[in-house]
Each structure stands twice: as C-alpha cells, then as structure tokens.
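K.L.:
Here it is: the structure, laid out below.
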Amino acid sequence: MPAPAARAALFIALLAGAMTPAVAADQGAAPAYSAKGADSCLGCHDDPALLSLFKTKHARPQDDRGPFGHGGLQCEACHGPGGAHVRARGKQPAGIVDFGPHALATPARQNAQCLGCHQSNTAHEWAASQHAASEVPCAACHTLHAAHDPVLATATQAEVCTTCHQAEHTDLFKPSHHPLREGKMACTSCHAPHGSQGPFLLVGNTVTETCTRCHAEYRGPFLWEHQPVAEDCSNCHSAHGSAQPALLKTRPPFLCQQCHEGAGHPSVPNGPQGLPGGAPSAYLLAGGCVNCHTQVHGSNHPSGRALMR
Amino acid sequence: MPAVKAAPRHRRRSSVAGAVSLLAAGAAWADGAPDTSAWKCEQCPFLEGYSGDVEIGALYAHGANFSYGQYTGIDRSTTYADVAAAGQYRSADGTNASFDLEDLGLASRAGTASVGREGRFDVKVDYDDIPTRLYDTGATPFLGAGGGNLTLPAAWVAAGSTAGMSALAATLAPVNIEYDRRTASLLGTYVASSAWTLHAAFRHEEKDGTGLMSGSFLTQAAQLPQPIDYVTDTVEAGAAWADHRASLHLDYTGSWFKNDIDSLTFTNPYLPLVAGSTQGRLALPPDNNLQQFALAGNLPLNFLATSFTYAASFGSLKQDEAFLPFSTLPGATVPTPAALDGDVHLSHYALGLASHPLPRLSLRGNASYDGRDDHTTPLTLAYVVTDTFPGGSALTTPRYSEDRTRLEGSADYTLDRWVRVGVGGKYLDTHYGPDQLVADTRDTESWVHATLDPLAGLTITLKGGNASRKTSGFIASALPAAENPLVWAFDYAPRDREFFTLTASWQATATLTWSVDGFFANDDYRLSQLGLQSVHERRASTTLTWTPRETLSAYIDGGYQRLDMLQDGFTGAFTAPWQAGDSEHFWNLGGGGQWAVAARWTLALDYLHAPSYGDFNTQVGGLAEPFPQNWSRLDSVRLDLRYQWTRAAQLHLRFIHEKYDSSDWALGDVGPATIPNLLALGVLPLAHDVNLVALTFRYQFGAAASAPPP
C-alpha cells in the first residue's frame, strides 16, 4: 500500500500549486440599482407568497452576512440591480435575475447569485459537484421565498429530490426501504447535494463510512471480519430500497452463493423442494444462511470464524 | 406525501457562456455597489414579536399493526393523540428563538428548539424517535427475551428435531421484534467574525429493543430474540474560515459506540450433539470508537472561472472489547491477548476542479484517495465450533485493508444554444491488502452525453457509456480451505458494464409539465465461472403535472423497474452444474391533486398503487425449478380536507386507507416447528389493512395569526 506520507505530500503539493494568485476579473459598466432598495420592489411585489421571504433567514436585518443586514443589497442582492426595471415600471425585466427551473435566467446565472455568498460555506464543494456539472439551478431544489423551504425539512425533502431522481421515487415504495416515505429520514442523511469529495455525493468519504454513521454497531473492527462488509455495504445492500428483507440485493441463500461455493452445503442448489410442502430446508427458509451464520457483519467471538458465534 | 409534486426538472439552457460573464458580472455589481444608506426597508415586514401555532387532535387507526407501524409508530388499532406545535420569537435586536414539535402523541415524535442572536450565535436542541417495527407475529419458547440470557421453560422437552419438541406448542409465547432509535442533539454555532465561524455538536443516540438473530449448534439452530441496548455518543466540533478568496473548514468528529450487553447466551433446545453442549453463546456488537480530523475548502480563482475544492481527513477506528471465553463448554478459557486491540486507520484526500477555459467549454475533475488500513495484529486461535466441537485447527484472523484512488473528469461543450455535448470518464484503482483474493482491481468508465433543447420548454438528455473492471491475478491461496477456486467473489471479479440514460422534460404549456426518465444497465461478470454471472437493470419513470391556476393542481406519476440476476453453481464432480435466477419487478402509479374548493375549503387527494413481483428459479442440469412468486401490493388513498374557520383557526380532517399484502416463500407457512433443524420464530409475511381518521384543530397565535398565509 502506498505510504500515507507520500500521499499527503502529493496532496499538499497539488494544493499549493492551486493557490496561484487570482487574476482580477474584467470590470464591466455597473448596472444601476434602484433608488430605495426593497421599498422600490415591495411597492409592486406585495404578493403574500413573496413576502413570506421575511419569515426566512434571508431576511434578518441584524445579520450583516445576509441581504437585509446592514449595507445589504436587499432584494437586489439576489435579483441583481433593478434600477432600469423600476424606471420602466416593471416593463423591462431584462437584467433582473429570476429563479427556478423554468426561469429566464440560465442556471449558471442564477447560481452565481447564490454562490456569491454561499460558495465559501454551504456550497464550498459545489463547483466540482455532479449537480453543478448538470447545471442544476439552486432554485430547482430550494424555494427561497417560502417560510419553510420543503427541501430543508426532513419530512418533505425526499419529494423534492425525487422530482428529478424519479427512479428513487419508485424505490420509496419498495417493501424494504429506509424511512424516507414516512418522513423520518432525509436524502441528506446520506448525500451532500452541494458537493462532496466522496462517491455518489455521499456525506462520508466512502459508502461504509456513510452507513456506519447511523449503523455504528457494524463499524468493527471485528476479530473475524467479513471482507465485503469492511469494504462496501453496497456489495450486499441496496440502500434506496429492495423487495428483500434488510434492503438486500437478493435473498439468502442466493446472495451468499454469489460468492461462496465451498465444498458441502454452500455449493448445493437450493430449489423449491426445500419449501414447506417438500422437505423444509433451513438453508432456504426463514433467514436462509443467516439461520446459522448470523454474524454476517462480523464477529468478535473467539470462536466466530464461520460467523456463527 | 405532499399533495402536489413540485414542477419537475429544471430547464437546461445554453448557459456555459454565461458562467464566465456571470462571475465577472457579479464582481462588477459588487464593485458598483450603491449607497444604501437611504434604503430604509420601511415596507419590509420583518418578523418581530412572537408567533406560532398549535395543533391538537386525535387520530384513530383501525387495523394498524407492525407492518403499518414500521417507522410511523402507529402500530396498533387505537386512538392516538395528534399533537404538534411550532413557534418563534424575534426581537428588534435580532434575538430569536423557535421551536417545532411534531407527532408528540406517536412513537415517531420529533422536536427541535433553538435560540440565538442573528449573525452572532445559535444554539439548537433536536430530538427524534424512529420506531422500527419488524414483526409482531413471532413466537418463541425462550424466556428472558430482551435480555442477554435466554432460557427454556422447566417443562421443555429437548429433541433431535423440532417435531420432537413436545412442549413447544404449550410454551410458545409471542415476541415482538421491534426497537426504537432515539436521538437527542445539542448544536451550537458562533460567528466569531466576518470570516470565522465556530461550531460544535453533541449527539446522543439510544437504540433499544429486540432484534432477530440465530444461534446454531452446527446442524441445528434456533431463531432468537436479540437484545439491543446500544448507545452512540458523537461529538463534532470545528471552525470555518471563509472570505471571497477561499475557504477552509477544520472539523473533528469523535464517535463512541457502546453496547451494554456483550453476549447472548441461550439454552440448547435440541438434544446435544455431544455431551455438555447444552448452552450456546453469541457475541453481540462490541464497543468501538471512531476519531476523525478533517479539513476541506475551496479556492475560487477568477482566472478562466476556475475553482478548486480540496479535502483531507485522517482518522482511526478502534475496538478493544474484552473477548468472551472460547466456548460455554467446561474449561473453555479466554484467548490471549484478552481483547483485539483493533485499530483501523482511515485516510482521505481529494481535489476537485471546475473550470471554463473557453466560453463554450466547461471542465470538471475530481481526484481522491481513500485508505482503510487495518493495523490490527492478526491473532491465531484454535476455536470451538458452535460451543460443540473443541479442538479445531488454529486459524489466523485475516485483516482486510484496501486503498482506492479515484479519478473522474468531464468536459462539456455548447455547440449551439440548443445543443450541448459532453464526454467524461472515471478511473478507480483499488489496492487490496494481504488475505484477499486479488491484489488490485482497476475500474474504468467512459460516457458521452448530449443535451438538446429542440423546442422552447423541451429538454432532452441522452447519456450512454460503458465500464470495465480488470483485476490482477486471482490469489487462490487466500481462499478458505473448503472454498471452490472457481468462484470469484463479485466485488473483485472482472466485469463489463454498459449503460444508457434518457431524461426529458417538457413544459408543454404554462400549466402543463411532463418529464420522463429511463435507464438501463447490463453487468457481465465475464470471467466468473461460478457465482454471480450477470445483472441487468431497467428503470423508467414519468411524471405529469398540471397547474391550471393557483387554486388547482394535479399530478400523475408512474414508474417501473426490473432487475434480473443470474448466478452459477457447482456442487461436485458427479453432479450437474446448477443455475439460479432472480427476476424482480416493481411498479408505482400515483396521482392526485389539490383544490381550493371555496374560499375556506381546501381539498387534497393522493392515490398510490405500488406492486412488486419476484421470480426465483433454480435450474439443475437444465431442468427448470421455479419457486412460487413472491409479491407485494401496496394501495393507499389519502384525503385531506382543510377548513379555514377564522384567520387564526383551521380544522383539518385526514383520512388514509392503506392496504398492503405480501407473499414470501421464505416466511409463509414456516411455523416454529416447520423446519426440522430450525426452531423458528414463525413470523409471517407483512400485511396490513388500515383505515386512519384524524381530526385536528390548528390555532395560530401572535403575528402569524394576522400575517398572510405562507
């Protein structure tokens, strides 16, 4: 295995190389802002649904980091300079940045507004993320003027995510599933939609590190380990849903026999003769292999070699 | 489920060119910032004072059982309190507090409360209970369920098989397989300056109840109620520095898992295979702890609109629970050393890059390294097989390590305002440590995609590619002695994959949106002579939404998935090879809508039909042997009727009918004594037929009562 120190040195060298001085951006002619800020906007935009923004964190006048904090650009912090729009009494929306999946502004333009504040905090890994590559606008997921953004609530988040991730919508209804449909778990329990340096936008560095954040009892290390468990939980489990118990990809004994064909019972075909109408088989029924090899995630028993103790 | 789905899929526009100008524009706007001293925000309805709402009511569930109560907590037919409350307070100086309590009358209750000062600090307390209700149809003769020592009644009659256990019927007692996960958290954030933010969190999680495991005496076994009494405490603390040039996040995570019951001892319900083998003992999950330090951040450069992201973490996972004795047999000792001193080092380094070197070209790439290095000293142990047969050959415990280097990259080019094309690829190199079947695997994947906007409102994305896994030579010496050298565990095995995706969304009119999503992938384990041979996956989904006006919206959605697996087996030289197949199908069809019937009345309706089918078959010597079909069927109707009685008061009537039924050949007709050498719990396939009615009264108070509706 490569020396960790060498890896660390390479990482630091690459990081140092990346830290070249920034080149100043070209400066264009600044568009005009409105004369009175939000008061210019709210004279016309007084829809109660829009005004719900003032129930959110974006409208906190004592928070200088926010658009309504001291010196903040208020509505125009996000929507861009609205001077021309106000002068034209709303007839000239050009230059105003609108938001959402069907907005006139491109996703990149929308997102630049959000990233102006958030690229160093919440979205610091956004730029290299799959969502950025797919040009997903922030407002495809976030409902910014709502008092309660559905994507930020555990109970409603999955409905937002599965608007695009439709296959995962079907997964919600499979017989074995994580408690997303019941609103007790969110997609963000496992995934980091704003970017991650792990696979599949996971919150952990690996699949196993992500799963064991909640399932700490399987972390080990055990005296007797089961190699695929230590390597990657998704070797055996389908995290988004399954027809088999415990989110398994398929059921024992067949799942186990995809890797184990040892002499004796592991190599024996388990056909329907082993069902209750025939010669009921412990290899096939109830838990199948785990009727005996119950410590399939690993055993700390000195006699746990075969994961039976 | 929300009554109306959000508008599906964003519309992709030819926006790459915008990305460069955008960042420049953003900077220009910032530099051209106006004098805001006259921006009084006099019309801004900032929250001040208190507001909140309380929901009080009752729900009655008829037909509820564990099958319905899984995760909902509505697990029996009775009346439940339906109580929720939320509120917030904010003063003019930015001091604020809020709380939100949900489902207080159910085992799925959750709550959060916070207090803080805008732009300065926040302190938050969370509580969440997730009820897991697995089976309420099981029964066992064992006494002491929920504890670490299971005994049999005095009248128990041991026998060589379950059929001979003559006292079984009289001694069976119901046992519920259920546990609760209760999590309480305390989180704090402090804004130290415009650049620095500090945060800390403490999370205490308790998981207790009864699970399901098995105990075996080599050829005879019993399903047992497993005691679960876990506590996991987690501490997270960190600091983040950020300004417009870069960001740096430093974090520490410490997590301590503790299990107060280290073993499950159980009386042998069978006649012992050898004298003295009257008791078995299973190890339960050992205490462990994880310590991890991480840094991450980004470095946006104005040069070519380039941004770097970086991350690194180092950690260790330790486990040193005292070993149990080798066996319950008389004279069995504890091995030396008396604990594992398990120590696994975890490391992670990653760099990401996003750049727009040309107005129409965007590039993205990620490189990462993950190491799992098991430093635990291997032990050589002469084990006792299932508390029955001492004197097994001494074996050395294998330790598993691996490190992965992953490279990903993609390039996208905007050919015209209606078409964007891209290519990408991944490379994953996994090096395995000793004791494993291969030294390394190399996964490569490449793909092309095109995004088309042929009509206003219509976006179609096509993506196709292939992947291949190659490996170093197979190390047969790493196989356990009895394993067939022709089997190649599928996580190591060479594999070819092809895949294709299609997504499309069409905003046909201002009120009508349609989206479709399709995917197929074929995996072929081309060099595996035994074990998993192929996996074929097909998925298709579609959603249609219609929002003719603000007061009316409707949706229809549907999906289909199919998964086919094929595997080969071989028992011995004088028997025919065998094959097993698993073909699974899933459907979901839903529809519903929301309608503001009148000024005070709102009606929402949702319908869901979601069946699944699983076909297993084995084939021995070419003769097909299909299993009975496994199936499940979920039908659900939900109706929500809301009446806005006054500006502050609302009545909400909710009706849910949900029917679920399933068939499973592994559980159906398998009673405690059905299998001669397995004393089973006899749990049944899940089913429920529930009618739930809830009536709640919601009252808003404070500013919320006079504020416009959300």
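The values are calculated or read from the model by the stated rules, or taken from the named source; none is laboratory data. Since we're looking at a predicted model, the values are computed, not measured. Please note: Cβ atoms are built from the backbone with ideal geometry, for glycine as well, and neighbour counts cover all protein chains shown.
K.L.:
Out of all the residues in segment B:664-710, which are crowded, with 19+ Cβ neighbours inside 10 Å, modelled with pLDDT under 95 and part of a loop (DSSP other than H, G, I, E, B)?
P.N.:
Across segment B:664-710, the qualifying residue is only B:Ala707.
K.L.:
Here's something else I'd like to know. Looking at segment B:514-521, can you tell me whether even one residue there is over 24 Å from the mean Cα position of the chain (by Cα), of a type in the set (A, V, I, L, M, F, W, C), surrounded by 16 or more Cβ atoms within 10 Å (Cβ to Cβ) and in a strand (DSSP E or B)?
P.N.:
Looking for residues that are over 24 Å from the mean Cα position of the chain (by Cα), of a type in the set (A, V, I, L, M, F, W, C), surrounded by 16 or more Cβ atoms within 10 Å (Cβ to Cβ) and in a strand (DSSP E or B), one finds at least one in segment B:514-521, hence yes.
K.L.:
Might you check whether a residue that is polar (S, T, N, Q), in a loop (DSSP other than H, G, I, E, B) and more than 19 Å from A:Phe254 (Cα to Cα) occurs anywhere in segment B:493-508?
P.N.:
No, segment B:493-508 contains no residue that is polar (S, T, N, Q), in a loop (DSSP other than H, G, I, E, B) and more than 19 Å from A:Phe254 (Cα to Cα).
K.L.:
Given (1) buried (at least 17 other Cβ atoms within 10 Å of the Cβ); (2) small (Gly, Ala, Ser); (3) farther than 25 Å from B:Gly209 by Cβ, identify the lone condition not met by B:Ala92.
P.N.:
(1)
K.L.:
In segment B:360-395, how many are within 30 Å of B:Gly424 (Cβ to Cβ) and among the β-branched types (Val, Ile, Thr)?
P.N.:
The number of residues fulfilling the criteria is 0.
K.L.:
Residues in segment A:166-181 that are surrounded by fewer than 21 Cβ atoms within 10 Å (Cβ to Cβ) and in contact with a helix residue (DSSP H, G or I) (Cβ under 6 Å, 6 or more places away or on another chain): how many?
P.N.:
The qualifying residues number 2.
K.L.:
Still on this structure: I want to confirm something. Restricting to segment A:52-65 and keeping residues that are without any contact (Cβ under 8 Å) to a residue 24 or more places away in the chain, under 30 Å from the mean Cα position of the chain (by Cα) and surrounded by 20 or more Cβ atoms within 10 Å (Cβ to Cβ), which single residue is nearest to A:Ala112 (Cα to Cα)?
P.N.:
A:Ala59
K.L.:
When only residues in segment B:288-327 that are hydroxyl-bearing (Ser, Thr, Tyr) and within 7 Å of another protein chain (Cβ to nearest Cβ) count, which is surrounded by the fewest Cβ atoms within 10 Å (Cβ to Cβ)? Lay out the reasoning, then the answer.
P.N.:
Of the residues in segment B:288-327, the ones hydroxyl-bearing (Ser, Thr, Tyr) are B:306-307, B:309-310, B:313, B:316, B:327.
Applying the additional criterion that residues be within 7 Å of another protein chain (Cβ to nearest Cβ) yields B:307, B:309-310, B:313, B:327.
On the way: B:Ser307: 27, B:Thr309: 26, B:Tyr310: 27, B:Ser313: 21, B:Ser327: 26.
If we take residues in segment B:288-327 being hydroxyl-bearing (Ser, Thr, Tyr) and within 7 Å of another protein chain (Cβ to nearest Cβ), then B:Ser313 is surrounded by the fewest Cβ atoms within 10 Å (Cβ to Cβ).
K.L.:
Moving to a separate point now. So A:His237 passes all but one of these: (1) more than 7 Å from chain B (Cβ to nearest Cβ); (2) under 20 Å from B:Asp615 (Cα atoms); (3) crowded, with 20+ Cβ neighbours inside 10 Å. Which condition number does it fail?
P.N.:
(3)
K.L.:
Could I ask something else about it? So which pairs qualify, if the first residue must be in segment A:105-125 and at the interface with another protein chain (Cβ under 7 Å from one of its Cβ atoms) and among the small types (Gly, Ala, Ser), the second must be buried (at least 24 other Cβ atoms within 10 Å of the Cβ) and part of a loop (DSSP other than H, G, I, E, B), the Cβ gap must be under 7 Å, and the two must be at least 6 apart or on different chains?
P.N.:
A:Ala108/A:Glu135
K.L.:
Scan segment A:163-214 residue by residue and report those that are touching a residue at least 60 places away in the same chain (Cβ under 8 Å), facing another protein chain (nearest Cβ under 9 Å) and at positive phi.
P.N.:
Selection gives A:Gly195 alone.
K.L.:
Count, please, the residues in segment B:147-202 that happen to be in a loop (DSSP other than H, G, I, E, B), within 30 Å of the chain's Cα centre (by Cα) and crowded, with 17+ Cβ neighbours inside 10 Å.
P.N.:
1
K.L.:
Output the strands (runs of 3 or more DSSP E) that fall wholly within segment B:281-400 and possess 1 or more residues being within 32 Å of the chain's Cα centre (by Cα) and not basic (Lys, Arg), or say none.
P.N.:
Counting at least 1 such residues, we get B:288-301, B:306-319, B:342-358, B:361-374.
K.L.:
Further question on the same structure: Residue under question is A:Ala263, and the condition is that it be at pLDDT below 95 and surrounded by 20 or more Cβ atoms within 10 Å (Cβ to Cβ); does it hold? Talk me through it step by step, then tell me what you get.
P.N.:
Values: at pLDDT below 95: yes; surrounded by 20 or more Cβ atoms within 10 Å (Cβ to Cβ): no.
In short, no.
K.L.:
Working carefully through the options B:Asp387, B:Asp416, find the one that is more than 7 Å from chain A (Cβ to nearest Cβ), touching a residue at least 24 places away in the same chain (Cβ under 8 Å) and at positive phi.
P.N.:
None of the others qualify; the one that does is B:Asp387.
K.L.:
Still on this structure, I have one more. Looking at this structure, is A:Ala18 within 28 Å of the chain's Cα centre (by Cα), buried (at least 16 other Cβ atoms within 10 Å of the Cβ) and either facing chain B (nearest Cβ under 7 Å) or modelled with pLDDT of 90 or more (or both)? Spell out how you get there, then give the answer.
P.N.:
Values: within 28 Å of the chain's Cα centre (by Cα): yes; buried (at least 16 other Cβ atoms within 10 Å of the Cβ): yes; either facing chain B (nearest Cβ under 7 Å) or modelled with pLDDT of 90 or more (or both): yes.
Yes.
K.L.:
Just one of the numbered conditions (1) touching a residue at least 60 places away in the same chain (Cβ under 8 Å); (2) out of contact with any Asp or Glu (no Cβ under 8 Å at 6 or more places or on another chain) is not true of A:Met308; which one?
P.N.:
Of everything listed in (1) touching a residue at least 60 places away in the same chain (Cβ under 8 Å); (2) out of contact with any Asp or Glu (no Cβ under 8 Å at 6 or more places or on another chain), A:Met308 misses just condition (1).
K.L.:
Somewhere in segment B:641-663, is a residue under 23 Å from A:Arg181 (Cα atoms), among the β-branched types (Val, Ile, Thr) and either buried (at least 16 other Cβ atoms within 10 Å of the Cβ) or within 9 Å of another protein chain (Cβ to nearest Cβ) (or both)?
P.N.:
Among the residues of segment B:641-663, at least one is under 23 Å from A:Arg181 (Cα atoms), among the β-branched types (Val, Ile, Thr) and either buried (at least 16 other Cβ atoms within 10 Å of the Cβ) or within 9 Å of another protein chain (Cβ to nearest Cβ) (or both), which makes the answer yes.
K.L.:
Need the failing condition index for B:Asn288 against (1) in contact with a helix residue (DSSP H, G or I) (Cβ under 8 Å, 6 or more places away or on another chain); (2) among the polar types (S, T, N, Q); (3) closer than 30 Å to A:Ser120 by Cβ, just the number.
P.N.:
The number of the failed condition is (3).
K.L.:
Given the criterion within 30 Å of A:Ala49 (Cα to Cα), within 10 Å of chain A (Cβ to nearest Cβ) and touching a strand residue (DSSP E or B) at 6+ places or on another chain (Cβ under 8 Å), identify the matching residue among B:Thr551, B:Thr543, B:Thr571.
P.N.:
Going through B:Thr551, B:Thr543, B:Thr571 in turn, just one is within 30 Å of A:Ala49 (Cα to Cα), within 10 Å of chain A (Cβ to nearest Cβ) and touching a strand residue (DSSP E or B) at 6+ places or on another chain (Cβ under 8 Å): B:Thr543.
K.L.:
Something else about it: Does B:Ala107 fit the bill of being assigned to a loop (DSSP other than H, G, I, E, B), crowded, with 20+ Cβ neighbours inside 10 Å and in contact (Cβ under 8 Å) with a residue 60 or more places away in the chain? Spell out how you get there, then give the answer.
P.N.:
Working: assigned to a loop (DSSP other than H, G, I, E, B): yes; crowded, with 20+ Cβ neighbours inside 10 Å: yes; in contact (Cβ under 8 Å) with a residue 60 or more places away in the chain: yes.
Spelling it out, B:Ala107 is indeed assigned to a loop (DSSP other than H, G, I, E, B), crowded, with 20+ Cβ neighbours inside 10 Å and in contact (Cβ under 8 Å) with a residue 60 or more places away in the chain.
K.L.:
So, in segment A:245-276, how many residues would count as being more than 7 Å from chain B (Cβ to nearest Cβ), closer than 16 Å to B:Gly581 by Cα and aliphatic (A, V, I, L, M)?
P.N.:
So the answer is 2.
K.L.:
Could you grab me the full set of residues in segment B:525-557 that are within 30 Å of B:Lys470 (Cα to Cα) and touching a His at 6+ places or on another chain (Cβ under 9 Å)?
P.N.:
Of everything in segment B:525-557, just one residue is within 30 Å of B:Lys470 (Cα to Cα) and touching a His at 6+ places or on another chain (Cβ under 9 Å), namely B:Gly531.
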